[in-house]
Amino acid sequence: MVLSGPIDPYGFERPEDFDYAAYEEFFSAYLAILTRRAIKWSRLLKGGGAVQRSMTVKRYIRKGIPLEHRARVWMGVSGAQARMDRNPGYYQRLLQGERSASLEEAIRTDMNRTFPDNVRFRKDAEPCLQGPLYNVLLAYGHHNHGVGYCQGMNFIAGYLILVTKSEEEAFWLLDALVGRILPADYYSPSMLGLKTDQEVLGELVRTKLPAVAALMDGHGVLWTLVASRWFICLFVDVLPVETVLRVWDCLFSEGSKIIFRVALTLLKHHQASILEATSVPDLCEKFKEITRGRFVTECHSFMQRVFSEPGSLSRASIARLRERCRAQLLAQG
């Protein structure tokens, strides 16, 4: 992996104010961890075959999947590999099938807006990843008519292509995310599932961080104003790339509960700073600040915090909150 230099290992340009010294310090320590993890993963994965869920695999995933194994592990634990194996040629048939001018136009409109800061997605790149991205989104739109194409999916599919380097694998992972891992209606035209989860976060904050909830209520700030991108893009373009990938390791393995764990960790760690906000613009700026800096860049220690700081967060309690918040949103019309 290239540590220094203006472009990161995934093709993203580093910001002008990037702290190279702090990153070098973090990454040299993280590299030692990655090397140890890579040896363990190689032992676990030797012999080929699909990766099956187990307590060992879950524990390994929480400690991070080395990039060279990430696509294979995501495909295995998410069920995407099994679906791809059961449906040979399906992806190609989707691309060769029906045409939809409105779907094609919607996707094409977002192409140049997808990662303008990534050299691999630029029109002059060799090869340019805009073509594979367009194909994956088009195939998915034909595969899932209820969703079609929705803004935000371009960023998610883009990351999947960067990790898998395979259109077909990226398609089946997108299918796993939108079709099974995330609640229904996350990316449907109503976005009811996504709006529900923003309300669920609000309820969790009310219970676990009441002072933050009181401040938000006092200023009349809705979660959709400050945290919608966390949900729509699953932290892409919100947190540093390596940190997003560590979050996604757990998303594919353990499900969508991780989104709330990450959100609560950010809020709890920065609670004192957030509570200093005295106006709505001030509050919005605080929410931008909490997704930057060393706390989130140091992805290994950040993920350790994600599994300890928010405290207990059972699947059953999340399911109940989702049911209640969904019903309230439907009642409001």
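Points worth noting:
- Paramagnetic reach from ARG320 (point 7 Å along Cα→Cβ, amide N under 18 Å) across segment 195-215: 197, 199-209
- Looking at segment 224-295, the accessible area is 33 square angstrom per residue; that uses a 1.4 Å probe and ignores ligands, DNA and RNA.
- GNM top mover of LEU192, LEU162, LEU44 - the chain, alpha-carbon springs below 10 Å: LEU44
- What you get for the chain, charging only the Cβ of Lys and Arg (+1) and of Asp and Glu (-1), is a dipole of about 1560 debye around the Cα centre.
- Distance-filtered residues of segment 291-313 - backbone nitrogen under 17 Å, label point 7 angstrom along THR207 Cα→Cβ: 307-313
- Within the accessible surface of segment 1-91, defined with a 1.4 Å probe on protein heavy atoms only, the carbon and sulfur portion equals 55 percent.
- Among ILE156, ILE39, ILE65, residue whose mean-square fluctuation peaks in a GNM of the chain (springs only between Cα atoms under 10 Å): ILE39
- Rounded to the nearest 10 Å², the accessible area of ILE232 at probe 1.4 Å: 40
- Debye log10 I(q)/I(0) for segment 241-333, one point scatterer per Cα, at q = 0.14, 0.22 Å⁻¹: -0.64, -1.11
- In terms of distances greater than 22 angstrom between alpha carbons, the cross-link table entries LYS195/LYS288; LYS63/LYS257; LYS165/LYS257; LYS195/LYS257 yield LYS165/LYS257.
- Point-to-point label distance, ARG292-GLU24, nm (Cα→Cβ direction, 7 Å offset): 2.2
- Each peptide in 244-251, 132-139, 292-299, 12-19 receives the mean, over its residues, of other Cβ atoms within 10 Å, and ordering these scores from highest gives 132-139, 244-251, 292-299, 12-19.
- Structure remark: mean-square fluctuation, Gaussian network model of the chain, C-alpha springs under 10 Å; the largest value among GLN96, GLN130, GLN151 belongs to GLN96.
- Taking all Cα-Cα distances within segment 60-173, those exceeding 17 Å account for 57%.
- Partners for LYS286 among aspartates and glutamates (Cα-Cα distance below 12 Å; same-chain residues under 8 apart left out): GLU276
- Take segment 35-176 with all the other protein chains still there, run a 1.4 Å probe, and you get 48 Å² of accessible area per residue.
- Taken over the alpha carbons of segment 89-152 as equal point scatterers, the Debye sum produces base-10 log I(q)/I(0) values at 0.13, 0.22, 0.23, 0.25 Å⁻¹ of -0.36, -0.91, -0.97, -1.07.
- One entry in [x] 34, 21, 18; [y] 29, 26, 21; [z] 60, 29, 22 is semi-axes √(5λ) of the Cα gyration tensor in Å calculated from the shown coordinates; its label is [y].
The values are calculated or read from the model by the stated rules, or taken from the named source; none is laboratory data. A quick note: this is a predicted structure, and the numbers were derived from the prediction, not measured. Counting neighbours? That spans all protein chains shown, and the Cβs are built from the backbone with ideal geometry, glycine included. Quick note on the areas: whole protein, heavy atoms, side chains included, nothing else; ligands and nucleic acids left out. Shrake-Rupley method; radii C 1.70, N 1.55, O 1.52, S 1.80 Å.
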